[in-house]
Amino acid sequence: MAIKLLLDTDIGGDIDDAVCLAYLLAQPECELLGITTASGEAEKRAMLASVLCKVAGKHIPIFPGAEVPLLTSQKQPDATQAIALKKWDHEKTFPRGEAVDFLRQTIRAHPGEVVLLTIGPLTNIALLFAVDPEIPLLLKGLVMMCGIFTNRAAGWGPREWNVLLDPHATAMVYQAPVKSHRSIGLDVTTQVTMASAQVKEKFVHPLLRPVLDMAEVWFEETDVITFHDPLAATTIFDGDICGFSKGVVEVELTSERLQGVTYWSSLVADSKHEVALRVDTGRFFQHYFGVFG
């Protein structure tokens with residue numbers, strides 16, 4: 001039976017969001033119930049998501065969500081990949097101000113059945129949990145590409161981007177009583193990379209062609225794709241891609257210099273969070289490209 005899934009994304013910045021959505025649309029075991037977008041130019045991000053849905057031939061509800069963080073300043077005002085929209089057919093109008101209510105109604109319609117996958121700043125999810133505190137208990141699971149939990153993400157600094165974009169929202173989500181709460185952080189996602197030349201060779205499936213166009217802006221800055229978000233998504237469908245350990249995650253909020261740092265401890269009696277600490281890179285790539293035939 002297919003897994004019911006909701007996706008919350010800031011597609012349009014780092015190319016891995018589009019790489020992730022293409023995977024979910026191709027994954028036969030995924031019943032994608034809807035997509036919400038977050039961060040600056042949320043409507044353009046919704047348009048980018050609709051490009052892939054149209055190519056997949058699927059009508060997926062898409063709702064632009066919160067564009068600004070709860071308390072901090074906006075660090076991601078633009079959806080830079082929107083330049084690719086001129087090349088692809090896409091929806092141009094979306095419901096306004098309904099993202100949180102859509103998530104709420106969908107989860108309540110399928111209690112205990114929905115996995116919520118978050119691959120962007122957690123503003124929408126914090127608002128959802130604040131509006132309806134019962135929602136965390138109604139989820140089948142919460143899977144997040146989020147955080148840094150060990151010292152093995154050398155060269156990336158102490159803070160992960162999704163947390164940094166809205167640390168207060170992140171803290172609220174980690175405090176919620178979710179039954180199954182998994183985080184895949186930079187500690188492991190930085191181990192799954194591919195050079196641009198190889199990406200262009202392997203992204204031949206129709207669903208991946210618009211991703212290549214969206215990646216043009218990305219490749220102006222770097223010649224590598226790191227599969228942060230796709231790795232998080234694949235763990236939902238193959239439990240052996242990553243190894244997880246239980247503990248508790250806390251988010252630094254008081255220090256301005258360290259705001260957004262995530263702390264993980266396994267030495268806690270009430271271990272309510274699971275953090276990925278290892279990844280089978282070969283298994284990931286085999287699984288990811290396997291869904292595209």
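The values are calculated or read from the model by the stated rules, or taken from the named source; none is laboratory data. Nothing here was measured: the structure is a model prediction, and the numbers come from that model. Cβ sites come from the backbone with ideal geometry, for glycine too, and all protein chains shown count toward neighbours. Note: accessible area is taken over every heavy atom of the protein model, side chains too, but ligands, DNA and RNA are not part of it. Shrake-Rupley method; radii C 1.70, N 1.55, O 1.52, S 1.80 Å.
A few notes on this one:
- The residue pairs whose first member lies in segment 282-293 and is without any contact (Cβ under 8 Å) to a residue 60 or more places away in the chain, whose second member is polar (S, T, N, Q) and in a helix (DSSP H, G or I), and whose beta carbons are closer than 8 Å, counting only pairs six or more residues apart or on different chains, are HIS287/THR234.
- Taken together, the criteria exclude ARG96 from residues that are on the phi < 0 side of the Ramachandran plot, of a type outside the set (A, V, I, L, M) and in a helix (DSSP H, G or I).
- Near pairs, Cβ below 7 angstrom, 6+ apart or cross-chain, from segment 28-56 (in contact (Cβ under 8 Å) with a residue 12 or more places away in the chain) to any residue that is among the hydroxyl-bearing types (Ser, Thr, Tyr) and surrounded by fewer than 21 Cβ atoms within 10 Å (Cβ to Cβ): LEU33/THR106; GLY34/THR106
- Listed by position, the helices (runs of 4 or more DSSP H) enclosed by segment 154-248 that each have at least 1 residues that are of a type in the set (Lys, Arg) and touching a residue at least 40 places away in the same chain (Cβ under 8 Å) are 196-202, 209-219.
- Subset tally (residues that are touching an Asp or Glu at 6+ places or on another chain (Cβ under 6 Å) and either open to solvent by 10 Å² or more (accessible area, probe 1.4 Å) or in a helix (DSSP H, G or I) (or both)) for segment 4-38: 4
- Qualifying residue in segment 83-103 (condition: acidic (Asp, Glu) and within 30 Å of TRP264 (Cα to Cα)): no
- Residues located in segment 166-193, provided they are touching a Phe, Trp or Tyr at 6+ places or on another chain (Cβ under 7 Å), under 16 Å from PHE284 (Cα atoms) and among the hydrophobic types (A, V, I, L, M, F, W, C): LEU186, VAL192
- Of the criteria (1) of a type in the set (S, T, N, Q); (2) part of a loop (DSSP other than H, G, I, E, B); (3) in contact with a Ser or Thr (Cβ under 6 Å, 6 or more places away or on another chain), which one ASN151 fails: (3)
- Screening ILE83 on (1) surrounded by fewer than 20 Cβ atoms within 10 Å (Cβ to Cβ); (2) not in a helix (DSSP H, G or I) shows it passes everything except condition (2).
- When residues in segment 86-122 are screened for being open to solvent by 10 Å² or more (accessible area, probe 1.4 Å), closer than 30 Å to PHE219 by Cβ, of a type outside the set (Phe, Trp, Tyr) and touching a residue at least 24 places away in the same chain (Cβ under 8 Å), 5 of them pass.
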